[in-house]
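Here is the structure we will look at, set down as structure tokens.
The values are calculated or read from the model by the stated rules, or taken from the named source; none is laboratory data. The model shown is predicted, which means the values in this text are computed figures rather than measured ones. Cβ placement follows ideal geometry from the backbone for every residue including glycine, while neighbour counts extend to all protein chains displayed.
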Amino acid sequence: MRDYIMALETRGRVKRIPEIDQDKYEATALAYRMVDRFGTDSAPALLIERVKIGGDWREGPIVCNPYGSWIDEALTFGAEIASEDEQVLYRSVIKELGKRLDSGGQWNRIEPVTLDVASAPCKQVIVTGDAIDVTQYPWFKNNPADASRYINMGSVFLYDEEIGPNVGTYRSMVHGKNRIGVNPEPGQHGWLLLNAKRRRGEKFAHCSIAVGPDPITFAVSSNKMAALGEDEMLIAGGLRGKPVEMVKSETNDLMVPAHAEMIIEGIIPLDQGMDEGPYGEMYGYMGPKKPDNFFLEIQAITHRRNPWFINSFTGVTNDMPKAPFVAAGFFQFKKTIPHLTGYYIPPAANGTTVISIDKTMIGQGIQAGQTVSANPGGAKVVIVVDKDINILDPQRVLHALGARWQPSAHIYIPQTFQRAPDPSLPRRGVTSKIVIDATQQLPGEGGPKSWPPVARTMLEKQAPESFAAVDKNWSKY
């Protein structure tokens with residue numbers, strides 16, 4: 001993670017903050033202001049050197065918003081950076097990730113390797129017994145209405161003898177010195193694994209939580225890229241192009257990323273639970289208080305000397321690399337939608353997916369949108385636009401809605417499954433969906449006999465030197 005942050009800093013993508021008072025929620029307000037000023041995709045990462053929490057100044061650094069722009073994604077996955085144009089970078093990253101898929105459309109796999117304890121940075125300091133106090137570290141309480149401080153970017157490692165391994169990013173509410181929550185949502189692999197153990201009458205599950213692994217390992221933890229029971233670390237190795245280096249936990253047999261900043265180990269009791277939340281969720285609304293949730297009894301904490309920490313301002317900034325999820329969606333749907341040219345999930349509009357197509361026939365827009373909406377974990381709103389629309393630019397997408405769409409060009413799906421904590425749901429887990437075909441409608445679809453030319457396109461064709469002149473003289477304006 002440290003190497004990645006340094007790479008961002010060389011690109012001017014990191015803002016160092018000497019100190020900030022989180023007792024006054026100053027860091028949270030700064031995150032909102034950054035998004036207000038720069039947008040979700042362009043806001044820089046923060047590296048906060050020192051933070052006030054609970055009346056005490058605590059040493060960091062604490063990294064916030066490290067995964068924002070497509071430059072960040074290109075640096076993460078080693079894609080070519082030929083331009084700082086977001087659309088060019090998007091295509092470069094998707095192309096690069098396409099090389100890491102096999103002929104069957106599955107992510108490449110590389111087995112992890114094991115380091116000895118002496119070679120593992122996450123073992124430089126080992127804390128056990130009465131010395132354990134997870135509250136001493138600078139975990140943030142993002143919102144005044146949050147129930148507590150949270151470890152909200154930890155990769156949770158679990159194992160079940162019948163199902164297999166699982167790694168997922170599940171938030172952890174800080175309950176006390178040696179107790180934190182573990183919050184997989186219903187239907188997530190971690191939830192299925194823990195409940196399988198519970199049904200078999202097992203009393204506890206071993207668990208290790210990695211804070212601050214490398215960004216690709218974190219991306220695999222945060223995106224659903226593996227089948228239930230499949231080892232996510234093989235996929236992380238495939239994406240990295242080299243094995244993930246792992247080390248055995250101190251108190252259990254779980255293998256964890258050796259280069260993580262911190263590992264929190266313990267057991268999850270399966271015959272009891274604790275209240276969890278409220279917490280500010282991904283949609284920007286406060287989630288409910290949840291009774292009888294999983295929690296971890298901490299048995300050991302190991303970490304680097306002078307560890308770095310990481311925090312997500314959930315519902316405000318980006319909290320994970322988005323490229324693997326976007327690339328997986330693009331290549332998955334490209335198989336059944338050969339005229340698909342782009343696939344994107346706007347970070348500022350959770351529950352919305354925008355796709356672009358090279359439309360040549362009647363009905364292609366609606367058909368493509370229906371295919372995407374049928375994905376069980378998919379969006380409740382799917383917007384389909386023509387290939388000339390930059391799907392990363394909300395202004396261009398909204399322009400297509402205003403200038404090309406008639407409300408008759410839609411499909412409404414009344415009831416289907418939805419896992420996300422959407423505050424608009426009448427009941428959790430059930431949503432309606434809509435497909436909006438904002439492509440230029442052909443006459444056979446009720447569109448005009450012919451469409452007038454787009455003014456900007458005409459300018460680019462008939463006066464191509466105009467934009468080149470502006471770009472050349474930009475610093476003079």
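Suppose the filter is under 23 Å from the mean Cα position of the chain (by Cα), surrounded by 17 or more Cβ atoms within 10 Å (Cβ to Cβ), of a type in the set (Asp, Glu) and assigned by TED's automatic domain parsing to the domain that holds GLU261; does ASP41 pass it?
Taking the combined requirement at face value, the residue satisfies it.
Residues in the range 45-65 that are under 22 Å from LEU8 (Cα atoms) and either acidic (Asp, Glu) or not in a strand (DSSP E or B) (or both): GLU49, GLU59, ASN65. Looking across the range 5-18, the residues that are exposed (fewer than 13 other Cβ atoms within 10 Å of the Cβ) and within 24 Å of ARG149 (Cβ to Cβ) come down to ARG16, PRO18. Checked against (1) without any contact (Cβ under 8 Å) to a residue 12 or more places away in the chain; (2) part of a strand (DSSP E or B), SER155 meets all criteria but (1). Could you please find all residues in the range 115-133 being more than 14 Å from GLU265 (Cα to Cα) and of a type in the set (Ser, Thr, Tyr)? Scanning the range 115-133 gives a single hit, SER119.
Of all residues in the range 380-393, count the ones that are surrounded by fewer than 15 Cβ atoms within 10 Å (Cβ to Cβ) and outside any loop (DSSP other than H, G, I, E, B). Matching residues across the range 380-393 total 0. Here ALA31 clears all of (1) out of contact with any Ser or Thr (no Cβ under 7 Å at 6 or more places or on another chain); (2) in a helix (DSSP H, G or I); (3) over 23 Å from LEU239 (Cα atoms) except the condition numbered (1).
Residue count for the range 49-78 under the criterion of being under 17 Å from MET6 (Cβ atoms), buried (at least 17 other Cβ atoms within 10 Å of the Cβ) and more than 21 Å from the chain's Cα centre (by Cα): the result is 2.
Criterion applied to GLY402, GLY365 was being in the same structural domain as LEU340 (by TED's automatic domain parsing), surrounded by 13 or more Cβ atoms within 10 Å (Cβ to Cβ) and part of a helix (DSSP H, G or I), and the one residue passing it is GLY365.
Whether a residue is part of a loop (DSSP other than H, G, I, E, B), in contact (Cβ under 8 Å) with a residue 12 or more places away in the chain and either of a type in the set (Phe, Trp, Tyr) or assigned by TED's automatic domain parsing to the domain that holds VAL211 (or both) was assessed, and ALA7 does not pass this test. Could you list, ordered by first residue, the pairs with Cβ atoms under 9 Å in which the first is in the range 410-426 and assigned to a loop (DSSP other than H, G, I, E, B) and the second is among the small types (Gly, Ala, Ser) and at pLDDT below 80, at least 6 apart or interchain? Filtered contacts from the range 410-426: GLN418/GLY377; GLN418/GLY378; GLN418/GLY429; ARG419/GLY377; ARG419/GLY429; ALA420/GLY377. Residue pairs whose Cβ atoms lie under 6 Å apart, separated by 6 or more positions or on different chains, with the first residue in the range 226-239 and within 17 Å of VAL256 (Cβ to Cβ) and the second outside any helix (DSSP H, G or I) and charged (D, E, K, R), are LEU234/ARG109. Among the residues of the range 181-195, at least one is in contact with a helix residue (DSSP H, G or I) (Cβ under 8 Å, 6 or more places away or on another chain), assigned by TED's automatic domain parsing to the domain that holds PRO138, surrounded by fewer than 22 Cβ atoms within 10 Å (Cβ to Cβ) and charged (D, E, K, R). Within the range 98-112, is there a residue that is in a strand (DSSP E or B) and not basic (Lys, Arg)? Checking the range 98-112: at least one residue is in a strand (DSSP E or B) and not basic (Lys, Arg). Within the set ASP386, ASP471, ASP393, the sole residue that is acidic (Asp, Glu), within 30 Å of GLU281 (Cα to Cα) and outside the structural domain of LYS224 (by TED's automatic domain parsing) turns out to be ASP393.
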